[in-house]
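The structure appears below as C-alpha cells.
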Amino acid sequence: MVDKIRSLISINDLSKEEILFLIKLAQDIQKSPQKFVDITKGKILSLLFFEPSTRTYFSFCSAMQRLGGSTLGFSQIESTSVAKGETIEDTARIMASYSDIMAVRHAEVGTLQRIAKVVNIPVISGGEGVDEHPTQTLSDLFTIYKHFNKLNITIAVYNDLKYGRTSHSLILAASKFGADFICIAPNELQMPKEYIEQAEKNGSKIIFADKIDNFVDKIDVLYVTRLQKERLPSHLDYEKLKSQFKVDLHLLSRLKESSIIMHPLPRITEIDIAVDQDPRAKYFEQAANGVAMRMAILKFYLKIN
Ligand code: NCD
C-alpha cells in the first residue's frame with residue numbers, strides 16, 4: 001500500500017512526539033551540518049507565495065539548498081498565470097508536477113486544504129491568512145528549547161493576537177508541552193476563542209490582559225507580534241494602536257534577567273531598536289534558527305532517512 005501523503009497546514013497536523021523529534025533534528029543539523037549535505041540532491045522544492053515574505057521564503061530556499069536540493073517558485077503573483085485568472089488548483093497542480101514538495105503562503109484561510117486535495121506531494125504552509133503559521137512555530141519552539149532546555153514555561157504573547165497567525169500556532173503547540181500563557185493585547189485584538197479553547201484543553205493556564213505591567217515578573221518569553229496593518233478592519237485606528245504596545249529599554253529593565261524577547265519579524269515599531277543590544281533579544285537568532293528547522297521539516301516530509 002502507498003503511504004498517505006502528509007502535509008503541514010496546521011501545527012495540529014504534527015503530534016507532540018513529532019514536534020519534539022523535529023526540534024531535536026534541527027539541533028542535530030545545527031551541530032553537525034556535514035551529516036546532512038546532499039541528502040535532498042535531485043529533489044525540488046516549489047514555493048508558491050501569494051503574499052509578501054522575506055524570512056519564510058528565503059529560509060525555505062536556503063534550507064533546501066543547504067541540503068543539496070533545488071528550488072523554484074514565486075512570491076509575486078503578477079509573474080504567474082494566476083494574474084491571467086488561472087485557478088489556484090491548476091497553478092498548484094502544475095507546480096506539483098515540477099517538484100517533490102511545496103511550500104505555500106496565501107491570504108485566504110482554506111486555500112492550503114484546497115491545494116492539498118489536488119496535488120500528490122506534501123504541502124507545507126508558509127503562513128495562511130489570519131489562521132496559522134506552523135513552520136514559524138516550529139522555529140519558535142526550537143529557539144525556546146535551545147534557550148531553556150524545556151517548553152513548560154510562561155509565554156506572554158503581545159500585541160496583535162487576533163490577526164497575527166504566528167501566535168495562534170504557537171499557543172496550539174506550546175500548550176501541548178505544558179506552557180502557560182499571558183495574552184496581552186488591545187481588547188479588539190485579543191486571541192480568538194478557538195485557539196484558547198484548544199490550549200486550555202491541552203492543560204494550559206491562560207490569563208488575558210490589556211497591559212503588561214502586572215506580569216513583568218512572571219514572563220519567561222515575551223513573544224511580540226506586529227500589528228497586521230494589512231488585515232486590520234477600517235474601524236480600527238492603526239496609528240493609535242501602534243503607539244500602545246511598545247517594547248523599549250524601560251520595559252526591558254523590569255523584565256526578568258532570565259527572560260527572552262522573541263518576534264517572528266518583520267518588526268515595525270513595536271520593539272525599539274535599542275532593545276537589539278540586550279542579550280535577552282533573541283529575534284534575529286530566532287530567524288536564523290528557521291533555516292535549520294526548515295531543513296528538518298524538508299527531511300521529514302520528503303521521508304529521507
Ligand atoms: C509573519 C507572518 O507572515 O505571519 N512573518 C514571518 O513569517 N516571519 C509575521 C508577520 O508578518 O507579522
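Residues that are more than 20 Å from Val291 (Cα to Cα) and more than 16 Å from the ligand (Cβ to nearest atom) within the stretch 117-131 comprise Lys117, Val118, Val119, Asn120, Ile121, listed in sequence order. Residue pairs whose Cβ atoms lie under 8 Å apart, sitting 6 or more positions apart in sequence or on different chains, and linking a residue in the stretch 2-21 that is basic (Lys, Arg) to a partner that is part of a loop (DSSP other than H, G, I, E, B), are Arg6/Pro122. Asp90 meets each of the listed conditions (1) more than 14 Å from the ligand (Cβ to nearest atom); (2) in a strand (DSSP E or B); (3) more than 17 Å from Tyr301 (Cβ to Cβ) apart from (2). Return the total of residues in the stretch 117-137 being surrounded by fewer than 21 Cβ atoms within 10 Å (Cβ to Cβ) and of a type in the set (Gly, Ala, Ser). Number satisfying all stated conditions: 1. Within the stretch 250-287, the set of residues being within 13 Å of the ligand (Cβ to nearest atom), hydrophobic (A, V, I, L, M, F, W, C) and farther than 26 Å from Arg6 by Cα comprises Met262, Leu265, Ile268, Ile271, Phe284.
The residue of the stretch 184-228 that is farthest from the ligand (Cβ to nearest atom), among those that are among the aromatic types (Phe, Trp, Tyr) and free of Cβ contacts under 8 Å to residues at least 40 places away in the same chain, is Phe208. Among the residues of the stretch 185-205, write down those that are within 17 Å of Tyr163 (Cβ to Cβ) and either polar (S, T, N, Q) or assigned to a helix (DSSP H, G or I) (or both). Once the filter is applied, which keeps residues that are within 17 Å of Tyr163 (Cβ to Cβ) and either polar (S, T, N, Q) or assigned to a helix (DSSP H, G or I) (or both), the stretch 185-205 yields Asn187, Glu188, Leu189, Gln190, Lys193, Glu194, Tyr195, Ile196.
In the set (1) buried (at least 17 other Cβ atoms within 10 Å of the Cβ); (2) out of contact with any His (no Cβ under 9 Å at 6 or more places or on another chain); (3) farther than 20 Å from Pro266 by Cα, the condition left unmet by Gly178 is number (1).
Just one of the listed residues (Ala107, Ala96) is more than 15 Å from Leu8 (Cβ to Cβ), small (Gly, Ala, Ser) and in contact with an Asp or Glu (Cβ under 7 Å, 6 or more places away or on another chain), namely Ala107. Entry remark, the stretch 68-115: residues being under 18 Å from the mean Cα position of the chain (by Cα) and of a type in the set (Gly, Ala, Ser) number 4 in total.
Restricting Gln76, Gln34 to those that are surrounded by fewer than 17 Cβ atoms within 10 Å (Cβ to Cβ) and away from the ligand (no atom under 16 Å from the Cβ) reduces the list to Gln34.
All of Ser99, Ser139 fail the test of being within 13 Å of the ligand (Cβ to nearest atom) and polar (S, T, N, Q), apart from Ser139. Restricting the first member to the stretch 88-108 and to residues that are among the aromatic types (Phe, Trp, Tyr), and the second to residues that are away from the ligand (no atom under 14 Å from the Cβ), the beta-carbon pairs closer than 8 Å and six or more apart or on different chains are Tyr98/Ile44; Tyr98/Ser46; Tyr98/Leu72.
Residue selection: Tyr301 satisfies the criterion of being within 30 Å of Lys4 (Cα to Cα), aromatic (Phe, Trp, Tyr) and away from the ligand (no atom under 12 Å from the Cβ).
For every residue, the table says whether it meets (1) surrounded by fewer than 24 Cβ atoms within 10 Å (Cβ to Cβ); (2) of a type in the set (Val, Ile, Thr); (3) in contact with a strand residue (DSSP E or B) (Cβ under 9 Å, 6 or more places away or on another chain).
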residue: Leu112; (1), (2), (3): no, no, yes
residue: Ser139; (1), (2), (3): no, no, no
residue: Ile144; (1), (2), (3): no, yes, yes
residue: Asn149; (1), (2), (3): yes, no, no
residue: Thr154; (1), (2), (3): yes, yes, yes
residue: Tyr158; (1), (2), (3): no, no, yes
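Readers should treat all values here as calculations from the given coordinates under stated rules, not as data from a laboratory. Since we're looking at a predicted model, the values are computed, not measured. Glycine gets a Cβ as well: all are built from the backbone with ideal geometry, and neighbour counts include every protein chain shown.
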